[in-house]
1. How far is it, in nm, from the label point at Ile14 to the one at Ile86 when both lie 7 Å from their Cα along the line to the Cβ?
2. Are there trypsin sites (Lys or Arg not before Pro) in the stretch 1-102 that DSSP marks as loop and that have at most 15 other Cβ atoms within 10 Å, and which are they?
3. Quickly estimate the mean residue ellipticity at 222 nm for the chain, helices only: each DSSP H run with n ≥ 4 gives -39500 (n - 2.57), and the total goes over all residues, rounded to 500.
4. For the stretch 34-77, run through the chymotrypsin sites (Phe, Trp or Tyr not before Pro) and keep only the ones in DSSP coil with at most 14 other Cβ atoms within 10 Å of their Cβ.
5. Compute the helix-to-body angle for 93-102: its Cα long axis versus the longest principal axis of the chain, expressed 0 to 90° and rounded to tens.
6. Could I get the Rg over Rh figure for the stretch 1-69? Both from C-alpha atoms, Rh via Kirkwood, rounded to two places.
7. Does anyone have the angle between helix 21-32 and the longest principal axis of the chain? Alpha-carbon axes, 0 to 90°, nearest 10?
8. For Ile62, what residues show an amide H to amide H distance below 5 Å, using hydrogens built from the backbone and excluding near sequence neighbours?
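Each reported figure results from applying straightforward, stated rules to the coordinates on display, with no laboratory input. Just so we're clear, the structure is a prediction, and the values are computed from it rather than from any experiment. Every residue, glycine among them, receives a Cβ derived from its backbone with ideal geometry; neighbour counts consider all protein chains shown.
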Amino acid sequence: MKNNKNKIDKVNHIAIAVNDIKTAGKVWSKTLGCNVSKIKELPEHGVKVIFVKFLNLKIEFIEPLGRNSPIKKYLSKNPNGGIHHICFEVKDINKAKEQVLQNGVKILNDGLIKNGAHDKPVIFLNPSDFTGTLVELEET
Ligand code: CO
């Protein structure tokens, strides 16, 4: 990065895509004794979600909801599920966007700042410009 004005120092969540969040929730609560939330449907994001909360991090399990779910393609390539994206917190989404673009990284969804799953502004970075990982930046 060219400057440290918008330095990232906090992970908000890691999202794991699965075909069945109910089963995923049972596995994590039974095997590792984790605290698993109830299922929440987010039709505007095309996913159903459960949260597994830790002291320093949330893991979100996402299951496709509806025909145009954005995670369907990922699951067809990874039928057993897997890490879909990592979300980092930023203080100013507009500054973060500018910084990302200045460094040659494309932003998905035509570069639009969208309202994310937590009702906060987010952008997603193009994985092929960013070490092969889908990164979400969320203004907190
Ligand atoms: Co996310």
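1. Result for the modelled spin labels: 0.8 nm.
2. Qualifying residues, ordered by number: Lys2, Lys5, Lys7, Lys10, Lys38, Arg67, Lys91.
3. Rounded to the nearest 500, the figure is -5500 deg cm²/dmol.
4. Answer by residue number: Phe54.
5. Here the helix axis deviates by roughly 70 degrees.
6. 1.10
7. Tilt relative to the chain: about 80 degrees.
8. Residues meeting the criterion, in which the H sits 1.01 Å from N, are Ile16, Ala17, Val18.
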